[in-house]
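The structure appears below as structure tokens.
Since every read-out is calculated from the coordinates, none of them should be taken as a lab result. Quick caveat: nothing in here was measured; it's all calculated off a predicted structure. Using ideal geometry, Cβ is built from the backbone for each residue, glycine included, and neighbour counts are taken over all protein chains shown.
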């Protein structure tokens, strides 16, 4: 229970927590929407790749707009 | 008995749970309750499909409730075992990771009411965690790090990640709850065909194939109004779900 009563120090590793979240979103969404669960890995993978690509692109654009 | 069928909620029968309340009750109600259901054709008890499990026009309240209590449970109740396992593992994983990263203080219905109501409450156990956090805070309002406190409030990235993870888990479970509320139960698999000699073709004249060919096979479960409008979700799931 100590784990859940005291936060973990994740100061420098926080970007590593974002891809699993995207993967979970893609998995749950495609699990609810797919017509055949055998196609789930391909569909969820495609959705995960799309989200990762677009969010990375958005991050780059925002970084360019704010830092350069 | 009330509109929602109290008996069904207390002692769920899977067929009754799937069918939900009688659509005629909804169609007679004034106001927004009747807008998606009033256009349903009148219910004819004499039709053979009266006993067939269907959720068209009805909502699976009990399945939605158990899906809120435990992610994936609603799909399990309706027979979608594969989807249930996937939903349980995925949603529970990110919810527990969020709690582990940020601690129980990331679920806060007092200070963080926006995140709590916007998403975290979508996972039923978040209410229990919130009560536990409140008891901790009431017992020790200002924990002193020097004196080995029983808990520590989340801070910086830990608070952000914990809040985001638990909020997204709640939103995803809310999607699952809405899905299971409109999903008919998975039909039982068709019985095996006999292996003996098959009878010959029926010499009687056959009906024209215009409507017979376009009608869905009997194995196909009925599709709810919401999912029919979606056009993407298949309710049949004849092969892909365990």
_Sequence gap at least 6, Cα distance under 8 Å: using those rules, report the relative contact order of the range B:100-139 to the nearest whole percent._
45
*Could you estimate the translational diffusion coefficient of the range B:74-145 from the Stokes-Einstein equation, with Rh from the Kirkwood formula over C-alpha pairs, at 4 °C and 1.567 mPa s, in whole µm²/s?*
95
_For chain A: relative contact order, % (alpha-carbon pairs under 8 angstrom, 6 or more apart)_ = 27
*Under the classification rounded if a/c is under 1.5, otherwise prolate if a/b is larger than b/c and oblate if not, where does chain A fall, given a ≥ b ≥ c as square roots of the Cα gyration tensor eigenvalues?*
oblate
*If each residue's Cβ is checked for other Cβ atoms within 10 Å, how do B:68, A:3, A:63 rank with the fewest at the top?*
A:63, A:3, B:68
*If contacts are Cα pairs under 8 angstrom and at least 6 residues apart, what is the relative contact order of the range B:76-162 in percent?*
38
*asked:* Can you sort B:186, A:33 from fewest to most other Cβ atoms within 10 Å of each residue's own Cβ?
replied: A:33, B:186
*In what sequence do B:81, B:160, B:62 fall when counting other Cβ within 10 Å, fewest first?*
B:81, B:160, B:62
